[in-house]
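The values are calculated or read from the model by the stated rules, or taken from the named source; none is laboratory data. Because the structure is predicted, anything quoted here is derived from the model rather than measured. All Cβ positions, even for glycine, are placed from backbone atoms using ideal geometry, and neighbour counts span all protein chains on display. We work out accessible area using only protein heavy atoms, side chains counted, and drop any ligands, DNA or RNA first. Shrake-Rupley method; radii C 1.70, N 1.55, O 1.52, S 1.80 Å.
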Amino acid sequence: GSKIEDPGWYEHGTAVLGEIAADSNSFGMTGIAFNVDLGTVSIGSMDLDEALVIATANSDTGDIILIELQYGGPNNGAYVPAEYYQAYFDAILTASSVGRIVVEAGANGGQDLDDTTWYGQLFDPNYRFSGAIMVAASDNTHVPASFTSHGQRLDVHAFGTWDIYTLGYGDLYGSDTTNYYTSSFAGTSSASPIIVGACAILQGIHKAIHGRVLDHNEMRNLLTTYSTPQAPHSWLIGPLPDLRGSVDEIVGVSFTADTTIGWVPFTVSFLASSGLPVDTWTWDFGDGDSGFVQSPVHTYSQQGLFTVKVEINAAGDIRSMEKQNYIIALADSMLAFDTSGSPGSTVEVPLHIRNTVPIRYIEIPIEYGGTLDITLDSFSTVGCLTDYFAAQQFIHSDANNKRKTLVLKTAIDGSQPDLPPGEGTIVKLFFKISPTGSSGQTASVVLDGYFNYTPKFSGPLLSYQPIIEPQATISICQPHGDMDGLAGITVSDVTYLVDYLFNSGPAPSPIETGDVNCAGGINIEDLTYLVAYLFSGGPPPCSC
């Protein structure tokens, strides 16, 4: 049974699409999926999220949960899928995360779920994804039904235009409520149980052949890859699954891995299976290496996203399975660069990252301290990889303990693209050196985190903490040419340099101040340069 909310409540019965058998003595219907166990949870006394908790608790990994519900939405109450509401989305996500296959009716409100005016990014799978297989309704020529929801979130479609036979109602045949049938069922409420039947068949075959159940991503891939496209139309409703193509794929070859994400070097154990008599196995691990056994072990030593493929030859029957970007090998890092400056100056410390996967959120905890007194004044992303990021702000500041946390985010509403894999500078930090700073004093810039603030990269694939390189150092750079320990560059510095070069006098302190032209080393050219500056209007000594 199913309930539809808003404006009122009413019930109707559904059954998985099957065949009608009729003769002079009998009339009956058989389901599409043979010998399945069936259970129901009524929401008459509870809300949907509570019912999903019960359904999840009373089912096993690989079992299928059908949500035959739709709810009034923000567009004048037009019906929308249940997961529009956050509590229901969370319950569906939980069920998907623990291995249930959730099939969700796409709703009959005729809504464009990609319309951001009404729905924002809630039905953008790159922004928020529950894992449910969402179903639209079509006619028998694969044209979207006039009332069906549509948009990129609709995974597949099935029939739903008043030409479906099912149980209940009694307009087709029946003497009492135990054998009523109907010949005119419709909507996403008829389409979604058709998809449930397909899922049950594929799950049973896969378990029988490979000894394990499919997860929702694998099931979705089967349903959409081996399928009949929808008819050309401006409304997106996904394809109609093709059981024959999906079954052929299951019987062919499949594989899994014991882990798909790790820090290089990391080792992956692949497990392949096939229902065919396999003569040869050929693996492409995506990193230039290959394997030739059924279930190889491979070590990824380089960073990247790797597509893995296995191909079999079964007496000339070539089958293969490929999983795009299946392995994520991380070597991601964030580091600050050393710099120096004179007392009272402002210095720039660039932060550089390397990321393997797309990211949309970067958290940067910054601690700065040492014998040199510095202040974190400001930051800039101009000319950086993140200069288009919409959100750029300090989310925590503790000046007394010299620590701040900076957050960079592509956009609050998801309207900006993710930062693609790569490397480069993401932000420039500007520190003010105290005017009282002196040679030999240093300060450290540390990014490894404090309290609950940790370095973090987050994107559509995963959230994780990058490797933090050793701390950066900010030091005092005494102006070149100022060698005598007295403030400013004067004729006494010329005398000091002459004494050092020709009379075995004391060396400049620090030694680099004697390299007036920054050419490396200290020689007569530095003396000539300094004299020209002081007496002939020549260029000033080079900066720190």
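Quick notes on this structure:
- Simple label model, 7 Å out from Cα along Cβ direction - SER295 to ASN58, nm: 3.5 nm
- Extension gain from MET46 to GLN86, taking 0.36 nm per residue of separation minus the Cα-Cα distance: 12.8 nm
- Normalised by 2.2 N^0.38 Å, where N is the number of residues, the alpha-carbon radius of gyration of the chain equals 1.41.
- Accessible carbon and sulfur surface of segment 434-537 relative to its total accessible area, %, 1.4 Å: 55 percent
- Degrees separating the helix 188-210 axis from the principal Cα axis of the chain, which is the longest one: 80 degrees
- Amide H contacts of LEU69 (H built 1.01 Å from N, under 5 Å, at least 5 apart or other chain): ALA105
- Between segment 338-375 and segment 412-491, the Cα center-to-center distance that results, in Å: 1 Å
- Surface accessible to a 1.4 Å probe, VAL36 within the full protein complex, Å²: 80 Å²
- Cα-based radius of gyration for segment 227-326, normalised by 2.2 N^0.38 Å, reads 1.29.
- Here is how the number arises for the chain: DSSP H runs of 4 or more residues each give -39500 (n - 2.57), the sum is divided by the residue count, and the result at 222 nm is -5500 deg cm²/dmol.
- The alpha-carbon of LYS323 sits under 13 angstrom from the alpha-carbons of these aspartates and glutamates, leaving out residues fewer than 8 places away in its chain: GLU218, ASP284, GLU311.
- Counting only heavy atoms of the protein chains and using a 1.4 Å probe, PHE502 has close to 130 Å² of accessible surface.
- Reachable lysines, given that their alpha-carbon falls under 27 Å from the alpha-carbon of LYS409 and they are not under 8 places away in the same chain: LYS428, LYS432, LYS456
- Relative contact order of segment 128-259, pairs being alpha-carbon contacts under 8 Å that are 6 or more residues apart, as %: 27 percent
- Fraction of beta bridges assigned by DSSP in the chain that are antiparallel (%, nearest 5): 80 percent
- Neighbour-limited loop hits for chymotrypsin sites (Phe, Trp or Tyr not before Pro), segment 428-494 (at most 11 other Cβ within 10 Å; DSSP other than H, G, I, E, B): PHE451
- Probe 1.4 Å, accessible area per residue of the chain, Å²: 46 Å²
- In this calculation the C-beta distance from THR267 to ILE395 is compared with R0 = 41 Å, giving a FRET efficiency of 0.60.
- Scattering from segment 144-278 was approximated by placing one identical point on each alpha carbon and applying the Debye formula without solvent; log10 I(q)/I(0) at 0.10, 0.11, 0.12, 0.22 1/Å stands at -0.48, -0.56, -0.64, -1.22.
- Element breakdown for segment 202-331 at a 1.4 angstrom probe: carbon and sulfur atoms account for 51% of the accessible area.
- Average Cα contact separation per residue, the chain, under 8 Å, 6 or more apart, as relative contact order %: 9 percent
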